[in-house]
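Take a look at the structure below.
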Amino acid sequence: MAYERIEDHGVIGNMRTVALVTVRGAIDWYCFPRFDSPSVFAALLDDEKGGSFSIRPLEGQVIHKQLYWPETNVLLTRFLSPDGVGEIEDFMPVGPAAQAAHCQDEIVRRVKVVRGSLTFEVICEPAFDYARTRPRVTIQKNGAVFEGAGLTLALSSQVSLHATERGAAARFVLSEGETTTFVLHPLAEGCEAPPTEEQANQLFEDTVRFWRGWVSRCTSTSTARPSRMICGPTCGGCSTGYPRTGTARTRASGRRGAAGATSSTRR
C-alpha cells in the first residue's frame, strides 16, 4: 500500500489507545492495548513491513470521503463509484455497555452497501512490536488468529478468510442493503463468532450514546456550535472543528494532523 498523507486520516479511540484510519479504508497505525504500547499496525511509517488492516472496494473509479457520526468518535469512510456506494463504520466500543460485554478492547468495522453492488477486499496483516515480530497465523471457523511477541489477537469475520504471507485476507461482494462486520480483539478462547447484526447495532448505539454524553460535558471558549464539537479520545478536554477528518496542524511534523478533521475527497 502507498503512504497516505496525515490529513487523509480519521481517528477512532477508547481513551486508552487510538487507531488511524485512512480515507481508503486502511488502519495504518494502532498500538495495543495502550497509547504507549508497541504497534500492531504501523504502515504509516513503513508501508512494506509496518502492517495494516485494510478494507477497500476493488472498483477502479472510487471517490473517498470521511466524516464522523455527529458528536461522536464513530468514523464513517465512504466509497462512491459508478457501480455502487458503500461505507465502513469504524469504532472502538466504549462506556458501561462495552465493559459489561467485555468488548472495550475491540475494533469494530461494519461494512455496508447503500446503493448498487461492490466487491471488497479485506487484508489484515498485523506486525507486532514495531514490525519486529511477524505473527503466526491460524485460520479458524470464525476468522483468523495472530500470535506473536507475547500478544495474541483474533479477527472475527462473517467472511471466510485465507492465510497470506503476513496475515489473512478475503474478497467478498455486498449488494444494496447488505452488511458484514469484522471485529479485531484480544484472544480469549479461540476466535469468537462475529457479532450478529443486532449485536453490532447495539454496540454502535451504545458507543454513540457514550460519546454524545462525553461531548455534552465538554467545555470550550470557542464560538463553535455544540454540533460541530468533537471531543478527542486522547484528550482531557476537547477540541473543536468540523465533524470530518483532517485539519489540526501538528507542531512536531509541520504537517496537517488527523485529530480535528475536515473532509478529504480523493480519486
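The values are calculated or read from the model by the stated rules, or taken from the named source; none is laboratory data. This one's a predicted model, so the numbers in the text were calculated from it and none came from an experiment. Heads up, the Cβs are rebuilt from the backbone with ideal geometry, glycines too, and the neighbour counts pull from every protein chain shown.
So GLY177 passes all but one of these: (1) loosely packed, with under 14 Cβ neighbours inside 10 Å; (2) within 19 Å of TYR30 (Cα to Cα). Which condition number does it fail?
So GLY177 meets the others, but not (2).
Might you check whether a residue that is surrounded by fewer than 19 Cβ atoms within 10 Å (Cβ to Cβ), part of a strand (DSSP E or B), at pLDDT below 95 and among the charged types (D, E, K, R) occurs anywhere in region 240-248?
The answer is no, given that none of the residues of region 240-248 is surrounded by fewer than 19 Cβ atoms within 10 Å (Cβ to Cβ), part of a strand (DSSP E or B), at pLDDT below 95 and among the charged types (D, E, K, R).
Of SER253, SER263, which residue is loosely packed, with under 13 Cβ neighbours inside 10 Å, at pLDDT below 50, more than 20 Å from VAL108 (Cα to Cα) and hydroxyl-bearing (Ser, Thr, Tyr)?
SER253
Take the residues in region 1-11 that are in contact with a strand residue (DSSP E or B) (Cβ under 7 Å, 6 or more places away or on another chain) and surrounded by fewer than 24 Cβ atoms within 10 Å (Cβ to Cβ), then tell me which one is nearest to ILE123 (Cα to Cα).
Selected residue: MET1.
Filter region 151-180 for residues that are farther than 26 Å from LYS49 by Cβ, touching a Leu at 6+ places or on another chain (Cβ under 9 Å) and hydroxyl-bearing (Ser, Thr, Tyr) and give the result.
Answer for region 151-180, where residues must be farther than 26 Å from LYS49 by Cβ, touching a Leu at 6+ places or on another chain (Cβ under 9 Å) and hydroxyl-bearing (Ser, Thr, Tyr): SER175, THR180.
Only strands (runs of 3 or more DSSP E) wholly contained in region 85-171 count here; list those with 1 or more residues that are buried (at least 18 other Cβ atoms within 10 Å of the Cβ) and of a type in the set (D, E, K, R).
Per the criteria, 107-125.
For residues that are polar (S, T, N, Q) and farther than 30 Å from GLY213 by Cα, scanning just region 53-84, find the one that is surrounded by the fewest Cβ atoms within 10 Å (Cβ to Cβ).
GLN61
From the list PHE182, PHE172, which one is within 15 Å of ARG110 (Cβ to Cβ) and either touching a residue at least 60 places away in the same chain (Cβ under 8 Å) or in contact with a Lys or Arg (Cβ under 7 Å, 6 or more places away or on another chain) (or both)?
PHE182 is the lone residue from the list that is within 15 Å of ARG110 (Cβ to Cβ) and either touching a residue at least 60 places away in the same chain (Cβ under 8 Å) or in contact with a Lys or Arg (Cβ under 7 Å, 6 or more places away or on another chain) (or both).
Anything in region 181-197 that is β-branched (Val, Ile, Thr) and either buried (at least 21 other Cβ atoms within 10 Å of the Cβ) or touching a helix residue (DSSP H, G or I) at 6+ places or on another chain (Cβ under 7 Å) (or both)? List them, or say none.
THR181, VAL183
How many residues are closer than 21 Å to PRO38 by Cα and free of Cβ contacts under 8 Å to residues at least 12 places away in the same chain if we restrict to region 145-169?
1
Select from region 1-13 the residues that are under 17 Å from LEU184 (Cβ atoms) and at pLDDT below 95 and list them in ascending order.
Residues satisfying the conditions do not exist here.
Among the residues of region 70-103, which ones are out of contact with any helix residue (DSSP H, G or I) (no Cβ under 8 Å at 6 or more places or on another chain) and small (Gly, Ala, Ser)?
SER81, GLY84, GLY86, ALA100
Could you count how many residues in region 1-58 are part of a loop (DSSP other than H, G, I, E, B) and of a type in the set (Val, Ile, Thr)?
Number of matching residues: 2.
Quickly run through region 114-158 and pick out the residues that are of a type in the set (Ser, Thr, Tyr) and within 21 Å of GLU178 (Cβ to Cβ).
SER117, THR119, SER156, SER157
Against the condition closer than 26 Å to GLY50 by Cα, aliphatic (A, V, I, L, M), touching a strand residue (DSSP E or B) at 6+ places or on another chain (Cβ under 7 Å) and touching a residue at least 12 places away in the same chain (Cβ under 8 Å), how does VAL85 come out, does it pass?
Judged against the criteria, VAL85 is not a match.
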